[in-house]
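J.: Got a structure here, written out as structure tokens. Questions coming.
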């Protein structure tokens, strides 16, 4: 594999994150803007729910491989690690909500998604920020 492969996996991870969150942001955008009641739209959201879980699982695996390849097998204090931990906590909260049906846990799950995306934005803009901020390298 060449050096560009980890970058491709990074972009695949971003696409998977967008797909995994699409049932929520499509519904929210509809509530804030279009306000459609078209059954086809709600059927799309219904079909995206199982995709949400599959895309999340694929994201977990592909992001791990992306990080492993990008850092040559090392574990480092890196913004990618923060993103991964953020999405991992998001998944744990989602699983907890799935079994407990707790509204507070679901709100925490959604808040963690936002935090994870903000961390992903940081990772895209300045991947080595952690090392620079904490003067590690």
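The values are calculated or read from the model by the stated rules, or taken from the named source; none is laboratory data. Keep in mind that this is a model prediction, so the values were computed, not measured. Backbone-built Cβ (ideal geometry, glycine too); neighbour counts: all protein chains shown.
J.: Need the failing condition index for residue 126 against (1) within 21 Å of residue 8 (Cβ to Cβ); (2) under 17 Å from the mean Cα position of the chain (by Cα), just the number.
T.: Here residue 126 meets the rest and fails (2).
J.: Which ones in the range 12-33 are in contact with a helix residue (DSSP H, G or I) (Cβ under 8 Å, 6 or more places away or on another chain) and free of Cβ contacts under 8 Å to residues at least 40 places away in the same chain?
T.: Once the filter is applied, which keeps residues that are in contact with a helix residue (DSSP H, G or I) (Cβ under 8 Å, 6 or more places away or on another chain) and free of Cβ contacts under 8 Å to residues at least 40 places away in the same chain, the range 12-33 yields 19, 20, 22, 23, 26, 27, 30.
J.: Can you tell me which of 72, 43 is under 21 Å from residue 131 (Cβ atoms) and exposed (fewer than 14 other Cβ atoms within 10 Å of the Cβ)?
T.: Exactly one of 72, 43 is under 21 Å from residue 131 (Cβ atoms) and exposed (fewer than 14 other Cβ atoms within 10 Å of the Cβ), namely 72.
J.: For residues in the range 92-109 being surrounded by 16 or more Cβ atoms within 10 Å (Cβ to Cβ) and closer than 17 Å to residue 57 by Cα, which is modelled with the lowest pLDDT?
T.: 94
J.: Only one residue in 65, 61, 89 is closer than 20 Å to residue 121 by Cα and either in contact with a strand residue (DSSP E or B) (Cβ under 8 Å, 6 or more places away or on another chain) or surrounded by fewer than 14 Cβ atoms within 10 Å (Cβ to Cβ) (or both). Which one?
T.: Of 65, 61, 89, the one residue that is closer than 20 Å to residue 121 by Cα and either in contact with a strand residue (DSSP E or B) (Cβ under 8 Å, 6 or more places away or on another chain) or surrounded by fewer than 14 Cβ atoms within 10 Å (Cβ to Cβ) (or both) is 61.
J.: Going by the conditions given, is residue 93 without any contact (Cβ under 8 Å) to a residue 24 or more places away in the chain and more than 15 Å from the chain's Cα centre (by Cα)?
T.: No, not satisfied.
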